[in-house]
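Coordinate-derived values only; no laboratory data. Everything numeric in this text was worked out from a predicted model, so none of it was measured. Every residue, glycine among them, receives a Cβ derived from its backbone with ideal geometry; neighbour counts consider all protein chains shown.
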Amino acid sequence: MMEYVKIDSASELSDGGKMKVVVNGKTLMLAKLDGAYYALDNKCPHMGGSLSDGNLNGGNIVCPRHGSAFDVRTGKAVHGGKLAFIKFKVGDAIAYPVKTQDGDVLVGTE
């Protein structure tokens, strides 16, 4: 059963912004786009880069390590990264369900 956990610091997040949050022992990147919130596992599936340290470019988060990009709404890999001129494919990031309720932001975890 899905458990939703309130993110107390979410009110500090401005539109187009991102932040690192810990929910039930999982480190996530929370992003806000066009008034909606999205959550991805903070660890890049390629080599574990911190996505919350990357650049949010439109609806995509770019990993600071090797430039892999993921759609923050779905976690789907938009493009792989590059390491010493070698391009590589990367898997999708894990996306978590987010809902708002009574002005609170809640992230679903299992």
Next on the checklist: Give the aspartates and glutamates reachable from residue 20 as a straight Cα distance under 14 Å; neighbours fewer than 8 places away on the same chain don't count.
Outcome noted: 8, 12, 41, 53
Item to check | Subset of 32/99; 6/43; 6/76 violating a 19 Å alpha-carbon distance limit | outcome: 6/43; 6/76
Checklist entry - Semi-axes of the chain's equivalent ellipsoid from the Cα gyration tensor, sqrt of 5 times each eigenvalue, largest first, rounded to whole Å? => result 25, 14, 11
Checklist outcome for this item: The farthest towards the positive end of the charge dipole of the chain, of the residues 16, 4, 100, given +1 on Cβ of Lys and Arg and -1 on Cβ of Asp and Glu, is 16
Item to check | Listed peptides 50-57, 70-77 by packing density, highest first (mean Cβ within 10 Å) | outcome: 70-77, 50-57
Checklist outcome for this item: Fewest to most Cβ atoms within 10 Å: 2, 47, 29 sort as 2, 47, 29
Checklist outcome for this item: For the chain, the dipole about the Cα centre with charges only on Cβ (Lys and Arg +1, Asp and Glu -1), to the nearest 20 debye, works out at 600
